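As structure tokens, the structure follows; a few thoughts come after it.
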Amino acid sequence: MLKQLRPAIVITVLFTVLTGLIYPLVITGISQAAMSNAANGSQIIVNGTVVGSSLIGQNFTKDSYFHSRPSATQAQDPAHPDDPSKTVDAPYNADNSTGSNLGPTSQKLVDRVKADIDAKHQAGIAGAMPADSVTTSASGLDPDISPEYALAQVPVVAKARNLPEDKVKELVDAHIEGRALGIFGEPKVNVLALNMALDDVK
């Protein structure tokens, strides 16, 4: 019996060391050497302090900032800490990446979208709403919005900051990222990067 057990134990230990220790260390070393920023979470650091990540959105609510698209992420309800089924809305909760899972026939989704459209009109965003202004992403953590949504927010942000709309629009235009390799994806604007640039405007 020991004759059969020995090779099984040796192979288990060998592959545990190879795949559980050596492989992760080698890949970590390569990623740190080749793309340390991405390997460390694409952190954005200002004056030595991490203010966010270019890959994870944040929940901006003030009129003086550009808003991200809605997020359907949730968190444990603090009133029921022992019941994981009790949750509360927690936009851009990076610990709980998820979509709403509401289908196009869901009345709850229709009601929420209508309420969001009304709220944005009341805030001063005129005209038809870009789709990403009232719909959540699959992850709930999308850091980018469409150029159309960013431009639709220009009058609101400019008014809140007492800035000329043309100056704020120029800032949006400067932060529009094109398609990857010119063909993949859609043009986008990173909300955190745009808001940080907005804070630098004198």
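No lab work stands behind these numbers, since they all come straight from the coordinates. All values reported here derive from a predicted model rather than from experimental measurement. All Cβ positions, glycine included, derive from the backbone under ideal geometry; neighbour counts span all protein chains shown.
Considering only Cα atoms, the convex hull volume of the range 1-110 works out to 272 Å³ per residue. Fully extending the segment from V17 to K159 would add 45.1 nm, taking 0.36 nm per residue of separation and subtracting the current Cα-Cα distance.
The orientation-averaged projection of the convex hull spanning the C-alpha atoms of the range 33-81 amounts to 6.3 square nanometres. For the range 164-193, the set of trypsin sites (Lys or Arg not before Pro) satisfying both a DSSP loop assignment and a count of at most 11 other C-beta atoms within 10 Å is given as R179. Relative to the longest principal axis of the Cα atoms of the chain, the long axis of helix 23-39 lies at roughly 20 degrees.
Helix 2-17 axis versus longest C-alpha principal axis of the chain: approximately 30°, rounded to the nearest ten.
Principal axis extents of the Cα atoms in the chain, from largest to smallest and rounded to whole angstrom, are 80, 42, 36. For the chain, find the longest principal axis of its Cα atoms and tell me its angle to the long axis of helix 165-174, 0 to 90°, nearest 10. So the helix axis and the longest Cα principal axis differ by about 30 degrees. Computed about the Cα centre, the dipole magnitude for the chain is approximately 520 debye when only Lys and Arg (+1) and Asp and Glu (-1) carry charge, each at its Cβ.
One chain, two ends: F184 and S106. Fully extended at 0.36 nm per residue, the span grows by 25.0 nm beyond their Cα-Cα distance.
Using per-residue counts of other Cβ atoms within 10 Å, averaged over each peptide, order 68-78, 46-56, 124-134 from highest down.
68-78, 124-134, 46-56
Across the range 149-202, the fraction of Cα-Cα pairs farther apart than 13 Å, rounded to a whole number, is 58%. For the chain, the 222 nm mean residue ellipticity estimated from helices alone, with every DSSP H stretch of n ≥ 4 adding -39500 (n - 2.57) and the total spread over all residues, rounds to -13000 deg cm²/dmol.
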